[in-house]
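Working notes, beginning with the structure itself.
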Amino acid sequence: MEALGDRLKLMVKTVRRECHRVLQSERTTIHGADGMLMVLQLAIAEVNKQHGREFKVALSDVLMAWKHLLLGKLHLPPPNSARLENYDLILEAYESFLKRSNTVDLVDILFMYKQLRIVDSDPEELVSPTQLFELLSGNMEVSELPDSSVPSTPSSKDRPCSSQMKMAVRRVFCSYLNLLVNTKNDMALALTLDVPSRTLGRQAFTDIKHAAHNSNTSLFLAVTSFVRAIQLGGKGYAPAESDPLRKHVKGLSDFVQFLDNLEEILGEIPDPSACGARLVTAIRAVLVKGRSSGDEFYAAAEETTKELKERICQIHQIQKQAANGSGTGISPARPKAYAVNHATAYGGRDTVKVLMTLLDEEALTPPCQNKADLLSEEQPVLSGAEGTCVLMLFRSPEVSTGSSPEPLKNRVQSRLDLLKPKARDRVIRSQFACTYKDEELPLNRVLEFPSTSQIPTCVHPAPKLKTAPAVEEECSSGVERTATAKPTSECPNKEQSGRQQGAALEPRSGNAQSRGAGPGNRKKTGIQVQNKGSKRKQVDSDQHGESENQPPEKKRPTSVSVKMPGKNVNKASSKKKLIAGQGKLISFFRV
């Protein structure tokens, strides 16, 4: 019986040969155990964010959901531990990410092979669900699986790169090759966008995510469409100045330009071995640019480049022997007759097959034993700024809301320290010290508002209103006593209240137009003049008698004092005295 590694290779090879029957695209790529675990972590974090929590997830929750996911998809008995709260939503988000990225996992490959095996009447099952579960969970021995790396010549010189660094660098190499095969792979773009550093950090990746979500496309298509619009679009087709991706034009242009160079190599070199070696060399050159030969990252890149070149050559030789030395006499497949450009359709086709076989073998490698190293934020620094943790990259940067992250107790104490008056140093000032600007008063002194009891009140309160006869008598007597003196402070107040009462009775009086002289006229002349309306009212009442239907108006001071040089003239009329019964009538009509 063949080893498990060979049977897994045969299973994947069978699915690739009949991919048009089970897959939507010929360039669908496969996620291995590590890729499945990273996608599951993103799915859990996304569900947590949808339910009002942060875009974070505990490692224990990922491992618990990982076991339920494997057993559930393989139709094995569930574990004894309870499922997560939103496991159904997590599974839906996981499948949605795979479909959106045009990728599948190894469990899907197993069921696709079962479907094809039933059609082809294959009597034996290559891989059982239990064996695949042991492989993905990491319980199977590594010796049973094929080693993707080619054993090199033994050397006594120890390489200065760690296993974690080598694994991260190899993942970046395979991600670049994965983008050449499947441009919809969002995970591959996330691992290569800022490696090497192109000043495309979390903010740039978040803007790309939003642009891809708004246009309902993949991340790579959102990037390339923006760069193409900048380079080739006219005035009416260029992106708006307010586009968030405008801030990252240089980095995105460098990324797209590098992938264009890889595409040119893929289409121009017909030999898959030479083309694959050239692709790996180009990736290695851009990664180690500006690094010293003694760097750990440099050593890991050199070792990975050598291993990938040798493996690509071996895969090409195996495929060439299978096509020509099979003994069937059937020539290899030719391009379709309806292809627009035969050279373009055929260019790079063999190289793509070699790259897909290489990526499938990478998916069959044993999973990382230390899940914390794979999923945590403590990743090797590849871009010069931060590690390659996928969760940190997909997490949107926090937007500052202006509130302090310090506890409330510390914020209150700092505010109290600001309110305390600061001791000013005594300095010697010159004779022009009054021109200096003093320091601002502390806030507790500026905000000392006076209370209602401290508000100043009127020194001379307004007197109470009295009836019109009393007002007239007091003002008349005052005028008689002081012929040349100014009116007292009490009479003007009463005169003002009398004018208000007269204004209230104005619509009922027929002498409304007789009030020509007002306060403004008296201010202009500087002479106190008696109101002519009241005088005419009194004259009319003497001549024609008082009307019972119209109430009389209030009387105003009757004397007019005119100051002339050398003498005082006091004109007091006899008409100022009330006739018999007039006071009673006034009181009656006022009631």
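The values are calculated or read from the model by the stated rules, or taken from the named source; none is laboratory data. Note that this is a predicted model, so its numbers are computed, not measured. As a convention, Cβ positions derive from the backbone with ideal geometry for all residues, glycine included, and neighbour counts pool all protein chains shown. Protein only, heavy atoms only, side chains kept; ligands, DNA and RNA dropped before computing areas. Shrake-Rupley method; radii C 1.70, N 1.55, O 1.52, S 1.80 Å.
Taking a probe of 1.4 Å, how large is the accessible area per residue of segment 1-141, in Å²?
Here the residues of segment 1-141 average 51 Å² of exposed surface.
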List the GluC sites (Glu not before Pro) within segment 32-133 that fall in a DSSP loop (any state other than H, G, I, E or B) and whose Cβ has at most 13 other Cβ atoms within 10 Å. GLU54, GLU85, GLU124
5 angstrom amide H check on HIS31, placed H, neighbours 5+ away: VAL104, ASP105, LEU106
In Hz, Karplus ³J(HN,Hα) per residue of segment 267-281 (6.51, -1.76, 1.60; θ = phi - 60°; x = Gly, Pro): x, 8, 9, x, 6, x, 5, 5, 5, x, 5, 5, 5, 5, 5
From the phi of every residue in segment 72-80, what ³J(HN,Hα) in whole Hz does the Karplus formula 6.51 cos²θ - 1.76 cosθ + 1.60 yield, where θ is phi - 60° and glycine or proline is x? x, 6, 8, 6, 9, x, x, x, 6
Can you pull the percent of segment 1-141's accessible area that's carbon plus sulfur, 1.4 Å probe, other chains left in place? 50
If you take the Cα atoms of segment 1-141, find Rg, then find the Kirkwood Rh from the mean of 1/r over all pairs, what is Rg/Rh? 0.99
Pairs to check: LYS13/LYS250; LYS9/LYS67; LYS9/LYS184; LYS67/LYS409; LYS13/LYS99; LYS99/LYS235. Give those whose C-alpha atoms are more than 32 Å from each other in this structure. LYS13/LYS250; LYS67/LYS409; LYS99/LYS235
Quick one: length gained pulling SER128 to LYS13 fully straight, 0.36 nm per residue minus the C-alpha distance? 39.7 nm
What is the spin-label model distance, in nm, from LYS250 to ILE318 if the labels are put 7 Å beyond Cα along the C-beta direction? 4.5
Once phi is turned into ³J(HN,Hα) by the Karplus curve 6.51 cos²θ - 1.76 cosθ + 1.60 with θ = phi - 60°, what whole-Hz value does each residue of segment 9-25 show in order, with x for glycine and proline? 4, 5, 4, 5, 5, 5, 5, 5, 5, 10, 5, 5, 9, 10, 10, 7, 9
